[in-house]
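Structure, as structure tokens:
The values are calculated or read from the model by the stated rules, or taken from the named source; none is laboratory data. Quantities reported herein were computed from a predicted structural model and do not represent experimental measurements. All Cβ positions, even for glycine, are placed from backbone atoms using ideal geometry, and neighbour counts span all protein chains on display. Please note that ligands, DNA and RNA were not included when accessible areas were found on the heavy atoms of the full protein model with its side chains. Shrake-Rupley method; radii C 1.70, N 1.55, O 1.52, S 1.80 Å.
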Amino acid sequence: MAKTMERLMVSIPTDVKSEIDAVKQQDFYDKPYAELYRYIIRMGLIKMRETAGKDCASTKQLV
């Protein structure tokens, strides 16, 4: 994990929060929500990199 961090505030739709809560209960029950959100963000960035060459021109800066 990085030695420096930034604090962010994000608004999440209720349906997405419900899905996140289900993942928390199933796979991250013994870890803080912050760790779960960092994991979700990392996975999203990885997926964006994988699809950057296919159809996501705006994500080329991530590669």
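Which residues, taken from region 1-18, are assigned to a helix (DSSP H, G or I) and either among the basic types (Lys, Arg) or surrounded by 12 or more Cβ atoms within 10 Å (Cβ to Cβ) (or both)?
If the condition is that a residue be assigned to a helix (DSSP H, G or I) and either among the basic types (Lys, Arg) or surrounded by 12 or more Cβ atoms within 10 Å (Cβ to Cβ) (or both), then LYS17 is the only one that fits.
Give the residue that is least open to solvent (accessible area, probe 1.4 Å), with candidates limited to residues of region 26-54 that are under 21 Å from THR4 (Cβ atoms) and among the hydroxyl-bearing types (Ser, Thr, Tyr).
Checked region 26-54; the qualifying residue least open to solvent (accessible area, probe 1.4 Å) is TYR37.
For region 1-26, name all the residues that are modelled with pLDDT of 95 or more and not β-branched (Val, Ile, Thr).
SER11, PRO13, ASP15, LYS17, SER18, GLU19, ASP21, ALA22, LYS24, GLN25, GLN26
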